[in-house]
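Colleague: Have a look at this one before I ask anything.
The values are calculated or read from the model by the stated rules, or taken from the named source; none is laboratory data. Since the structure is predicted, the reported quantities are computational estimates derived from the model, not experimental observations. Reconstructed Cβ throughout: ideal geometry from the backbone, glycine too, with neighbour counts over all protein chains shown. Surface areas here come from the heavy atoms of the whole protein model, side chains and all, with no ligands, DNA or RNA. Shrake-Rupley method; radii C 1.70, N 1.55, O 1.52, S 1.80 Å.
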Amino acid sequence: MLVAAAVCPSTPLVVLGMPELRSACHAAIAALREARPDALVVVGGAGATRAYEAGAAGTLRPWGVDRTVGDGEPVLPLSLTVARLLLGDDAPQGLRSVAFDAATWDCLALGERLGASGDRVALLVMADGSACLSPRAPGRHDEAAGPYQDRIAKALATGEPAALAALDPAEADRLWVSGRAALQVLAGAAGGRTFQGRLLAETAPYGVGYLAGAWLS
């Protein structure tokens, strides 16, 4: 059963700079630990859905930074690499990527399986918001990006999984919401229950939405 969840951005900036956002991520992760889970599972968006060994390595070298975490040849996608760096010496019990374009029902089903994988499961969900929030954004500025981002922020603040389950994948793709699939995995893991939500940080440098939050049962 899911007992706690944290949501953090998957951008390398959260470990390389942006100290306030990084501090919020560490607070969200601390809330996971305080829930005393039997298993901590990390979920993040990637090109494909797959499971990785708990000690698998990741690196930021493709992004021009000599930072590596884990053992062996780096295989983790960016989202899971950033998560491992945020976790520091505490390796999770599971690492799961979910395809950016995964269908909603596949995300919900994966989340349901993860939530049922132990008596007390905690999820660290790596998810960015829209990259179309301003004229400076990587994606084309879209007036619909702000309301879509607000729906995600409200869901995190209120601990309401149904709002995440209802996110439209086609609209997320148009608005460059790369974290949509991972957030819907969280919705599936919640098992229809609401949580005590806390939105710890919300910012949009260069028109990209980054959020940090925590859910506790």
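Colleague: Restricting to region 151-175, give me the number of residues that are surrounded by fewer than 17 Cβ atoms within 10 Å (Cβ to Cβ) and over 23 Å from residue 191 (Cα atoms).
Modeller: 3
Colleague: Being buried (at least 20 other Cβ atoms within 10 Å of the Cβ) and in contact with a helix residue (DSSP H, G or I) (Cβ under 9 Å, 6 or more places away or on another chain) is the filter here; which residues of region 30-51 pass it?
Modeller: Passing the criteria: 40, 41, 42, 43, 44, 45, 46.
Colleague: Considering every residue within region 66-89, establish whether at least one is open to solvent by 30 Å² or more (accessible area, probe 1.4 Å) and of a type in the set (Ser, Thr, Tyr).
Modeller: Looking through region 66-89, at least one residue is open to solvent by 30 Å² or more (accessible area, probe 1.4 Å) and of a type in the set (Ser, Thr, Tyr).
Colleague: Separate question: Does residue 27 fit the bill of being under 29 Å from residue 174 (Cα atoms), open to solvent by 30 Å² or more (accessible area, probe 1.4 Å) and in contact (Cβ under 8 Å) with a residue 60 or more places away in the chain?
Modeller: For residue 27, the condition - under 29 Å from residue 174 (Cα atoms), open to solvent by 30 Å² or more (accessible area, probe 1.4 Å) and in contact (Cβ under 8 Å) with a residue 60 or more places away in the chain - is not met.
Colleague: Can residue 124 be described as touching a helix residue (DSSP H, G or I) at 6+ places or on another chain (Cβ under 8 Å) and of a type in the set (A, V, I, L, M, F, W, C)?
Modeller: yes
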